[in-house]
Amino acid sequence: MTITIEDVRTAMHEMSAKLYGGRTYDLVGFTIRDGSYPWIEVHDGVIHWTLMERGVRCGPTTTEDLHEAMHWVALDATGSMAMRWELGQRDRWPEDRDTRIGWNAKQVALLRLLDDQWAEEFRADIPVRFPGVRLQDVDAHPLAEWAAVKTADESFLARRWRTLRDKLREPY
């Protein structure tokens, strides 16, 4: 079977539905884009994964295996999602905590929604890709609920408001 761009789009929409609770999105582009946003083209059944950063084209990386291409899409999409997730909860941890722990834990969890083997491969590679990040810390990171904070009775927004208020009161 020769792979078409519609095969890629269909597989990607199935993947995005798993990640976004049934909603479908293009997780990569299908035309040339800049800003390190990857795009896919299909020529004669060969999938071309390319990205461009500041006008410099990186790639393409090619494959005739749709599953392999979806793995690339999954790593890119879950990586972005995990980093945004971690950024949203960053103030819940001590300032000296390695932020890579939370976003790696979230990326493993997101990859598990798609393919257990992809998740395990990514997880196993964390100590190599992110020196200093220990797997036991990644595995122990709470994902299902917000982490406990020193003042558990205080809401996230209340703490954030107080911090902003205190900064505004500081003399210039």
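We did not get these values from a lab; they are worked out from the coordinates using the rules stated. Model, not experiment: these values are computed from the prediction. Backbone-built Cβ (ideal geometry, glycine too); neighbour counts: all protein chains shown.
Plugging the Kirkwood radius over Cα pairs into Stokes-Einstein for region 1-68, at a temperature of 10 °C and a viscosity of 1.306 mPa s, what D comes out in µm²/s?
On the way: Rh = 12.5 Å.
Taking Rh from Cα pairs, D becomes 127 µm²/s.
Take each of the peptides 74-82, 58-66, 11-19, average the number of other beta-carbon atoms within 10 Å over its residues, and list them starting from the highest. Spell out each step's value before the answer.
Working: 74-82: 19.7, 58-66: 14.2, 11-19: 16.6.
Result, highest mean first: 74-82, 11-19, 58-66.
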